[in-house]
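Asks: Here you go, one structure.
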Amino acid sequence: MDDGAKAASIAATAFIQSLAIAPEPDLASVLEVAILEVNEAVWAMMQGRGGTTLTAVAMTQGGECRAVHVGDSRLYCTNPTLCQVTTDDTLAGLLGLDDLGPFDSGLMQYVGIGDGLMHQAFDLSSDPSETLLLTSDGFHSDVDLTSIVSVAGDFGIGEVLGRSALGLHVDDNATAVTVNRRHVESEVAVRRRALTVISAGRHCVL
């Protein structure tokens, strides 16, 4: 997508700002407002010339864990096995197919699309996974994530993913972020919310 790096930077910054100043205590509402504001911010700056994917996970002190998603970056749960939570906003993803070749090259939804944005939202509060995994399309398209998770287990995923990334030679960005919920919960104990965002391969943790 044209100017994807610029759009990703705008999106990540705007998303974090939205959550940081949100007065609404309901996490689901906070995430919905944030993704809509981010879409407007990217559209205002890019005027349809570019856009980005965005997948974010947020947790509260009370143990609530929710996610929001647009595009073809992905969120995975890892317990008991690797399970893709998000659906790719591509033709293949919407049809439930692995690959449509040249017919699956474009995003149906992305941040910066303007009017008509349709985001995905998930409640992961009851999911037993200790580790959550967020990836950009450049990563999950070239790495056998199922094998990595089955071999590494929750505690070794980050290290094995890092080693795998070093061997990648792809034109697209290749980013993977692991979120250890036990560690995040300890951090949330002294903050109101914790957030992890991946936007077209640019990631940040708040």
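The values are calculated or read from the model by the stated rules, or taken from the named source; none is laboratory data. Note that the structure is predicted; figures quoted are calculated from it, not measured. For neighbour counting, all protein chains shown are included, and Cβ atoms are generated from backbone atoms with ideal geometry for every residue, glycine included. Please note that ligands, DNA and RNA were not included when accessible areas were found on the heavy atoms of the full protein model with its side chains. Shrake-Rupley method; radii C 1.70, N 1.55, O 1.52, S 1.80 Å.
Asks: List every residue pair whose Cβ atoms lie under 8 Å apart, where the two residues are 6 or more positions apart in sequence or sit on different chains, the first residue falls within segment 120-132 and is modelled with pLDDT under 95 and of a type in the set (Gly, Ala, Ser), and the second residue, located anywhere, is loosely packed, with under 13 Cβ neighbours inside 10 Å and assigned to a loop (DSSP other than H, G, I, E, B).
Replies: Correct list of pairs: Ser125/Gly63.
Asks: Right, here's the next one. Identify, from the list Ala58, Ala44, Ala20, Ala11, the residue that is loosely packed, with under 15 Cβ neighbours inside 10 Å and in contact (Cβ under 8 Å) with a residue 60 or more places away in the chain. Steps first, answer last, please.
Replies: Values: Ala58 fails: loosely packed, with under 15 Cβ neighbours inside 10 Å; Ala44 fails: in contact (Cβ under 8 Å) with a residue 60 or more places away in the chain; Ala11 fails: loosely packed, with under 15 Cβ neighbours inside 10 Å.
Just a single option satisfies the conditions, and that option is Ala20.
Asks: A further question on this structure: So, Ser29, is that one over 12 Å from the mean Cα position of the chain (by Cα), without any contact (Cβ under 8 Å) to a residue 12 or more places away in the chain and open to solvent by 30 Å² or more (accessible area, probe 1.4 Å) or not?
Replies: On the way: over 12 Å from the mean Cα position of the chain (by Cα): yes; without any contact (Cβ under 8 Å) to a residue 12 or more places away in the chain: yes; open to solvent by 30 Å² or more (accessible area, probe 1.4 Å): yes.
In short, yes.
Asks: Out of the residues in segment 85-102 meeting the condition of being surrounded by 12 or more Cβ atoms within 10 Å (Cβ to Cβ) and either modelled with pLDDT under 65 or among the polar types (S, T, N, Q) (or both), tell me which one is farthest from the chain's Cα centre (by Cα).
Replies: The residue in question is Leu100.
Asks: Is it true that Gly50 is over 25 Å from Ala7 (Cα atoms), among the small types (Gly, Ala, Ser) and either out of contact with any strand residue (DSSP E or B) (no Cβ under 9 Å at 6 or more places or on another chain) or in contact (Cβ under 8 Å) with a residue 24 or more places away in the chain (or both)?
Replies: Values: over 25 Å from Ala7 (Cα atoms): no; among the small types (Gly, Ala, Ser): yes; either out of contact with any strand residue (DSSP E or B) (no Cβ under 9 Å at 6 or more places or on another chain) or in contact (Cβ under 8 Å) with a residue 24 or more places away in the chain (or both): yes.
It is false that Gly50 is over 25 Å from Ala7 (Cα atoms), among the small types (Gly, Ala, Ser) and either out of contact with any strand residue (DSSP E or B) (no Cβ under 9 Å at 6 or more places or on another chain) or in contact (Cβ under 8 Å) with a residue 24 or more places away in the chain (or both).
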